[in-house]
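Participant: Supplied in structure tokens, the structure appears directly below.
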Amino acid sequence: MPKNPDATRSADRPLAEYQRKRDFTRTAEPAGESPKPSAKLAFVIQKHAASSLHYDLRLEVDGVMKSWAVPKGPSLDPAVRRLAIAVEDHPIEYNKFEGTIPAGEYGGGTVMLWDRGTYRYAGENPDPAEGLRRGHAKGDLKFELRGKRLRGAWVLVRTRSRGERQPQWLLIKHRDDEAVEGSDVTAEFTTSVTTGRTMDEIAAAAPKKQARAGRRK
Ligand code: MN
């Protein structure tokens with residue numbers, strides 16, 4: 001561990017890519033200026049109707065949300081492997097974001113909080129950052145989710161493909177009491193885990209014009 005994690009964090013600027021991609025005078029997404037570690041490690045899954053529909057899996061590691069875009073979403077069936085594309089780190093405040101990113105902005109479209117809760121890194125080393133490094137180097141990241149819709153043990157397996165722009169992983173449910181063969185959990189749950197709204201209801205609640213100066217809190 002570094003002696004001064006804050007210094008390392010500001011030096012590395014883990015949210016630089018996230019902030020560079022967004023205009024916070026136009027989108028209501030959080031700017032991520034004050035990373036605040038959770039008491040327990042947080043996880044969230046956001047259903048995101050961008051140019052193509054996907055589910056964003058985010059796991060808290062070292063004060064940011066490590067993020068993967070999962071085009072088909074998670075499956076409770078251990079026989080099903082779902083492609084998970086690593087995307088830029090997101091701020092922890094993003095775990096509360098549900099709403100609509102204006103058309104034309106980065107990630108424009110409706111975002112639903114599909115599941116949220118805490119997780120525990122379940123690899124050999126208790127530090128998820130170490131687990132993530134090992135995952136990148138050695139191929140997998142094991143973790144246990146405690147959400148409303150997703151629970152139990154999961155693994156992200158790093159795939160090796162040539163010339164990829166973004167690292168690709170596979171999200172797989174581990175065989176345990178929470179596994180359900182043949183399940184289609186994304187079809188089973190189609191509303192927000194926090195507000196109960198459908199994607200259409202979230203979209204309908206978006207202000208007609210969000211291009212105001214300053215961002216909403
Ligand atoms: Mn997304």
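Participant: Could you please find all residues in the stretch 66-85 being in a strand (DSSP E or B) and either surrounded by fewer than 18 Cβ atoms within 10 Å (Cβ to Cβ) or touching a Gly at 6+ places or on another chain (Cβ under 6 Å) (or both)?
Facilitator: Arg81, Leu83, Ile85
Participant: Which residues, taken from the stretch 36-62, are aromatic (Phe, Trp, Tyr) and either away from the ligand (no atom under 11 Å from the Cβ) or more than 10 Å from the chain's Cα centre (by Cα) (or both)?
Facilitator: Matches in the stretch 36-62: Phe43 only.
Participant: Among the residues of the stretch 87-112, write down those that are of a type in the set (Gly, Ala, Ser), farther than 26 Å from Leu41 by Cα and either within 10 Å of the ligand (Cβ to nearest atom) or touching a Leu at 6+ places or on another chain (Cβ under 6 Å) (or both).
Facilitator: Gly109
Participant: Looking at the stretch 111-131, is at least one residue closer than 21 Å to Arg13 by Cα and touching a Gly at 6+ places or on another chain (Cβ under 9 Å)?
Facilitator: Checked the stretch 111-131: at least one residue is closer than 21 Å to Arg13 by Cα and touching a Gly at 6+ places or on another chain (Cβ under 9 Å).
Conditions tested, residue by residue: (1) loosely packed, with under 15 Cβ neighbours inside 10 Å; (2) at pLDDT below 95.
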residue: Gly99; (1), (2): no, no
residue: Arg116; (1), (2): no, no
residue: Gly139; (1), (2): yes, yes
residue: Lys148; (1), (2): yes, no
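Participant: Please determine, by comparing only the residues of the stretch 50-64 that are among the hydrophobic types (A, V, I, L, M, F, W, C) and touching a residue at least 60 places away in the same chain (Cβ under 8 Å), which one is surrounded by the most Cβ atoms within 10 Å (Cβ to Cβ).
Facilitator: Step by step, filter the stretch 50-64, then rank; the result is Leu57.
Participant: Could you count how many residues in the stretch 163-190 are over 14 Å from Leu76 (Cα atoms) and either at pLDDT below 95 or under 17 Å from the mean Cα position of the chain (by Cα) (or both)?
Facilitator: Total satisfying the criteria: 7.
Participant: When the stretch 63-77 is examined, which residues are found to be more than 16 Å from the ligand (Cβ to nearest atom) and farther than 18 Å from Val193 by Cα?
Facilitator: Correct list: Gly63, Asp77.
The values are calculated or read from the model by the stated rules, or taken from the named source; none is laboratory data. Note that the structure is a prediction, hence the values are computed from the model and not measured. Neighbour counts are summed over all protein chains in view; Cβ atoms, including those assigned to glycine, are modelled from backbone coordinates with ideal geometry.
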